[in-house]
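Report on the structure given below.
The values are calculated or read from the model by the stated rules, or taken from the named source; none is laboratory data. Just so we're clear, the structure is a prediction, and the values are computed from it rather than from any experiment. Every residue, glycine among them, receives a Cβ derived from its backbone with ideal geometry; neighbour counts consider all protein chains shown. When the accessible area is computed, the model is the full protein with side chains, heavy atoms only, and any ligands, DNA or RNA have been set aside. Shrake-Rupley method; radii C 1.70, N 1.55, O 1.52, S 1.80 Å.
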Amino acid sequence: MAAAAAAAAAGGFLHLGASRVPSRQHSAGAAPRLRGASCARGRQHRRRAPPPLAVAAAEEAYTGAEAELLEALAGVQGRGRGEVESAVQALEALGGLPDPTNSSLIEGSWQLIFTTRPGSASPIQRTFVGVDSFKIFQEVYLRTDDPRVINVVKFSESIGELKVEAEATIEDGKRILFRFDRAAFNFKFLPFKVPYPVPFKLLGDEAKGWLDTTYLSQTGNIRISRGNKGTTFVLQKSADQRQLLLSAISAGTGVKEAIDDLTSSRQGTEADLKTLAGEWQLLWSSKTEDESWSSVASAGLKGVQIIKEDGQLKNLVRPFPGVSLNASGNICKNEDGNNFNLSINEGAIQAGGLQFPLDARGEFVMEILYIDNKIKISDINQHKLVHVRIANRT
């Protein structure tokens, strides 16, 4: 871990990878009959139409193009990277603040929220952009007697961090030249710092590089930079709460706290079948280890969930290559806030060209804790689930 983290800090940034939901084999038994009420297909409620989804307070300070980038970043784990790269190019075309290295807004601590992985990257850089388990920050201090760029790898609140520092020089209004010269671990359980024996002087040109700031927002909250190896970095000073959640899922720590922060920030947002309609990929579940595969398929605790505006529902799970489990039924909104009744009435196991019935029948109550056009957070019988939308309404 230490070697990978050191290389990560030397490169300076983090790639957000898709989360890995743990998989465990269970016998396929009947799904439990859980609390809930049946839905009649096509049932309509005579309730006032819900208000439009609230816009996050954190996004109000962003321009339209910046908000589009944040939207693309929120969906990158489910829909690929092309949308993000297009949004990055659109912002770069706008230009942002002129001569960003001469602005005080570039100073301070930045969290990396997206990076590319070019094949031309150096061995150090290829290692650091492959690290998905840590949070990466970059501190920029150019207006001091000792100008520096400091890359920080945060392991966890209980373990500590690694700092890799570089002396920095402003070449022009966009470019910063740097040379890494020292690194140290700061462990919570030790009263002193532990130097990391990185032979920067022996690395030669591998310890040197440059970083162009191709976009700096007028508020100083979003920065896009490109390095000398061709890698693109997107950084943020005050990270969007959705992005903090995705980062927590990627790192495998602090997910429940990030969910609480996000759901508490969106009180009053109401969901209906129109906002739920689409295909949703599960990114994270609070608990699946004790559930049978039939229960997992019935409640949608793994895989993909497909919801149609007419109330049709299908959960699809692929536990093994060539094998899929599906459970179908109906969903309708009940009279209690953002609660929906799910009624699963049939299931099947498919293996190659063969299909076998699966007793996945069950009734559930799903509470929507948060939803926007990218992310859905729900609670099904004390299982918290985080989904990302991979397709729009069907």
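Things worth noting here:
- Lys, Arg +1 and Asp, Glu -1 on Cβ, resulting dipole of the stretch 316-394 about Cα centre, debye, nearest 20: 400
- Charge dipole (the stretch 243-391, unit charges on Cβ, about Cα centre) - positive-most of 352, 385, 251: 352
- Between residue 274 and residue 208, the contour length at 0.36 nm per residue exceeds the Cα-Cα span by 18.5 nm.
- Selection of GluC sites (Glu not before Pro), the stretch 307-381, meeting DSSP coil and at most 11 other Cβ within 10 Å: 335
- Cβ-derived FRET efficiency at R0 41 Å, residue 193 paired with residue 261, nearest 0.05: 0.85
- In a simple Cβ point-charge model (Lys, Arg +1; Asp, Glu -1; nothing else charged), the stretch 213-321 has a dipole of about 620 debye relative to its Cα centre.
- Extension gain for residue 146 to residue 170 (0.36 nm times residue separation, less C-alpha to C-alpha distance): 7.4 nm.
- 14 Å beta-carbon shell around residue 111, net charge (K/R +1, D/E -1): +2
- Label-to-label distance, nm, for residues given as residue 105 and residue 348 (7 Å Cα→Cβ offset): 5.6
- Computed about its Cα centre, the charge dipole of the stretch 243-391 is approximately 480 debye, with only Lys, Arg, Asp and Glu carrying charge at their Cβ.
- Anisotropy class of the stretch 241-357 from Cα gyration tensor, a/c 1.5 cut: oblate
- Carbon/sulfur fraction of accessible area - the stretch 243-391, other protein chains in place, 1.4 Å, %: 45
- Members of 154/174; 308/374; 135/163 lying beyond 20 Å, as alpha-carbon distances in this model show: 154/174
- The residues packed around residue 196, meaning those with a beta-carbon under 10 Å from its beta-carbon, carry a net charge of +3 if Lys and Arg are +1 and Asp and Glu are -1.
- Between residue 286 and residue 85, the modelled labels are 3.8 nm apart [label points 7 Å from Cα along Cα→Cβ].
- Taking a sphere under 10 Å around the Cβ of residue 187 and counting the other residues whose Cβ falls inside, with K and R at +1 and D and E at -1, yields a net charge of +1.
- Modelled this way, with points 7 Å down the Cα-to-C-beta line, the labels at residue 381 and residue 339 are 1.6 nm from one another.
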